[in-house]
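One structure is given here, and the rest of the page talks about it.
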């Protein structure tokens, strides 16, 4: 037999190899595409123009990925993982080809949205297949591999983009996806075999109205969060109009989903304590992750005076300890349970985030690097047990929807965090400098210290240091929120379903170790 049956814990590991390789390649495509464009922006703008709107190269991709996650999750539960993943890879590669052929900035932004529509299928479906493919005790291994791929791709993306733009052409940033994606697609088609359903399904009714309502609501909300304070002031008509429109469409979405026979976001996602608690906790994770991923590189360059490569290393140590910690987390939660393991992880993360403002000024690079190493280890103990745990509480036919809801909440949390912490940082800068604050503008000014006096440079660096300190305090607040959710909302023991071959629903048990 050539295929490998997902959701089958009796499948020999050797036969899972091609599918795991496909998942890692697909995850690499989704991860690297969010960062590889960043260092090539000067070349892209120089070729296509459109400096005023180039930020939509990132925002458009993020919007498309985020708002489609719930839709793909439901479709994978309805039609199976394989067709959804194949469609996602094909759409992603088609978008990459279109991006390489873009003739102006508007077309490139539109094609990045097409890429994002495929990227949403990649992110959610790959995580779901990983849970289908391995039994509970082995899931940390595959999740750690995917985390390693994500971490390596996120770090390597900017360097790869700079090299391709500098020594070849920026269009190769998108063309390089084609051979990698083609290999992943071939492996999926040839080796991924899903279990046959043991019970016949009634005629499938797709909730297209709900999908459209979710897409529109998410698009308005995320546009307001991403562009507010950047393209227009927070209290301006565009921001208020988008937020009001998102709220109105949110009400419409709830009404539509309540009436739908097969809703895209079923009510049980929020009625079940375990799923709702994990959704909220990982939403808080997305919120706090903005501090290290967005603000730490600016801190390393503007306050510590490091170059871009060295600044990237300060952040990258977190991506080294995270998957290692995640890989060994099963030895912890197998003894004390999912919830308590996650509580320990987020408590450690809270302590690390609160320690950041106490770093000396200007300090040494090893000091924030050490904190990021500890933070990665703490978050590995926090995130993976929650994802593995919540996936283990639902049967095969609900796992795609559950996984997508978790990833959706994390993505929304990240968008909210970028907006909130950006406003916090700029507000602190405005108070310190006696005028309007703009962290990006200050970072650019500090890149050319010869144009400033020593006193002015020191003053600006202290202002950036204070702004980033406040952001880390806010991130600690998000960690505290996640901790409270786990302590007061999450059940003490996750209602894990006993696994049987073929992905059938089975009797409920509880995760071991929790008391």
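So the values come out like this:
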| item | result |
| --- | --- |
| Positions within the stretch 330-373 being in contact with a helix residue (DSSP H, G or I) (Cβ under 8 Å, 6 or more places away or on another chain) and outside any helix (DSSP H, G or I), in sequence order | 359, 360, 361, 362, 365 |
| Criterion (closer than 20 Å to residue 265 by Cα and in contact with a helix residue (DSSP H, G or I) (Cβ under 9 Å, 6 or more places away or on another chain)) met by exactly one of 74, 82 | 74 |
| Which numbered condition residue 199 fails, given (1) at pLDDT 75 or above; (2) closer than 30 Å to residue 132 by Cα; (3) outside any helix (DSSP H, G or I) | (1) |
| Residue 235 being more than 29 Å from residue 487 (Cα to Cα) and modelled with pLDDT under 90 | yes |
| Residue within the stretch 356-364 that is in the same structural domain as residue 496 (by TED's automatic domain parsing), surrounded by fewer than 20 Cβ atoms within 10 Å (Cβ to Cβ), at positive phi and in contact (Cβ under 8 Å) with a residue 40 or more places away in the chain present | yes |
| Residue check for residue 63: under 30 Å from residue 268 (Cα atoms) and at pLDDT 85 or above | no |
| Residues located in the stretch 227-256, provided they are assigned to a helix (DSSP H, G or I) and out of contact with any helix residue (DSSP H, G or I) (no Cβ under 8 Å at 6 or more places or on another chain) | 237, 240, 241, 244, 247, 248, 251, 254, 255 |
| Residue check for residue 325: out of contact with any strand residue (DSSP E or B) (no Cβ under 6 Å at 6 or more places or on another chain), at pLDDT below 85 and over 19 Å from residue 421 (Cβ atoms) | no |
| Criterion: at pLDDT 95 or above and either out of contact with any helix residue (DSSP H, G or I) (no Cβ under 6 Å at 6 or more places or on another chain) or buried (at least 18 other Cβ atoms within 10 Å of the Cβ) (or both) - qualifying residue of 477, 503 | 477 |
| Enumerated helices (runs of 4 or more DSSP H) restricted to the stretch 34-137, each holding at least 3 residues that are buried (at least 24 other Cβ atoms within 10 Å of the Cβ) and not assigned by TED's automatic domain parsing to the domain that holds residue 498 | 56-79, 81-100, 105-133 |
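The values are calculated or read from the model by the stated rules, or taken from the named source; none is laboratory data. Remember, it's a predicted structure, so these values are computed and weren't measured experimentally. Using ideal geometry, Cβ is built from the backbone for each residue, glycine included, and neighbour counts are taken over all protein chains shown.
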